[in-house]
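The values are calculated or read from the model by the stated rules, or taken from the named source; none is laboratory data. Just so we're clear, the structure is a prediction, and the values are computed from it rather than from any experiment. Note that we place each Cβ from the backbone using ideal geometry, even for glycine, and neighbour counts take in every protein chain shown. Protein only, heavy atoms only, side chains kept; ligands, DNA and RNA dropped before computing areas. Shrake-Rupley method; radii C 1.70, N 1.55, O 1.52, S 1.80 Å.
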Amino acid sequence: MPEVLARRLKPGYLPCTKNEFSGSESMDIQRPQAERARTLHLYTQDRFDPEIEALRRSDFELAAGTTRVRDAFDECSSYMLARVGDELVGTVRMTQPPGALRGWLPDPGQSALPQGPGVIEFTRGVVARRWRGLGIYQLLMCATVLHAGKTATVAIAAVEPFLHVRGFLHLLGFRECGRPLIFHDGPGCRTLAQCMELDLATARSSAIPHMTSLKIRLQSKRIEVDSGDQATSAAFG
C-alpha cells in the first residue's frame, strides 16, 4: 500500500511504538544529564496505574493531549516498565488475547494473527521523550520478550509499515503476518499497521545478546541496568 495512505491516516499510531523510532530526533529534545551515574530498573506489574497514564498522556502520540488514554484492555493487561529514580521512562503493555489488535479491527476475521492460550500481545509501547535515542525502547522490548516467554509461546504485535522499528523487530525474530490492516486504535483514529508474530522459544537467543549490547551502550552514558526478573537476568550477568 503506498506511503501516502499511511500518512493520510495520521494521527493514529500503533502499538509497538512510533515513540522511539521516528526517524530523526527533534533537536530541542532535552537529553538526560550523563554526569552522574544512574540506574535504570526493569520490572513488571499487573495493573495500570496513574504513572503509566501520565506517561502515555504526555508522550504517546496517539494519546498525547487528550483525555482518553485508557482503553478496555488496560485493566486486563500487565506491563514491562523502565524506571530511573522516581521517573517512569518507558513501558510496554502485555495482553493475553482476545486483546486489542483484534478488538481494534472492524472485522476481526481480517487478521491472520495466531490465537490461543499460548499467545501474548505487545502494544502501547512508549518511551518518555527526553529519554529517547538511548536504546530504552529496544531494551524494553527485549525484556518483554524474555519475560513473556515464561508463560507464552507466541508474541504478536503490529507496527506502521514505514517505521524504522520494523528493522529492530526483525532482529528479534518477528515476522510479518498477513497484509497491512487499518486499526481503529483510538477515538477518531485509524492506523495502517503490519501485523507481526514471534516464536518466543527461539527469540531468547536473539534477545539476550541484544540486551547485553544495549547494557554496554547505556553504561557508556553512565546508566546502569538492573533487572529483578529471573527471566531476563541472564542478559545482565
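Couple of notes before you dig in:
- Here Arg57 does not fit the description of being modelled with pLDDT of 95 or more, surrounded by fewer than 22 Cβ atoms within 10 Å (Cβ to Cβ) and farther than 24 Å from Leu113 by Cβ.
- Within region 193-232, considering residues that are in contact with a Gly (Cβ under 8 Å, 6 or more places away or on another chain) and either hydroxyl-bearing (Ser, Thr, Tyr) or without any contact (Cβ under 8 Å) to a residue 40 or more places away in the chain (or both), the one nearest to Leu134 (Cα to Cα): Ser206
- Failed item, numbered, when Met80 is tested on (1) open to solvent by 10 Å² or more (accessible area, probe 1.4 Å); (2) in a strand (DSSP E or B): (1)
- Within region 83-97, considering residues that are in a loop (DSSP other than H, G, I, E, B) and more than 19 Å from Phe183 (Cα to Cα), the one least open to solvent (accessible area, probe 1.4 Å): Gly85
- Cβ-Cβ contacts under 6 Å between residues 6 or more apart (or on different chains), taken from a first residue in region 87-107 that is within 18 Å of Leu55 (Cβ to Cβ) to a second residue that is charged (D, E, K, R) and at pLDDT below 95, are listed as Arg93/Arg124.
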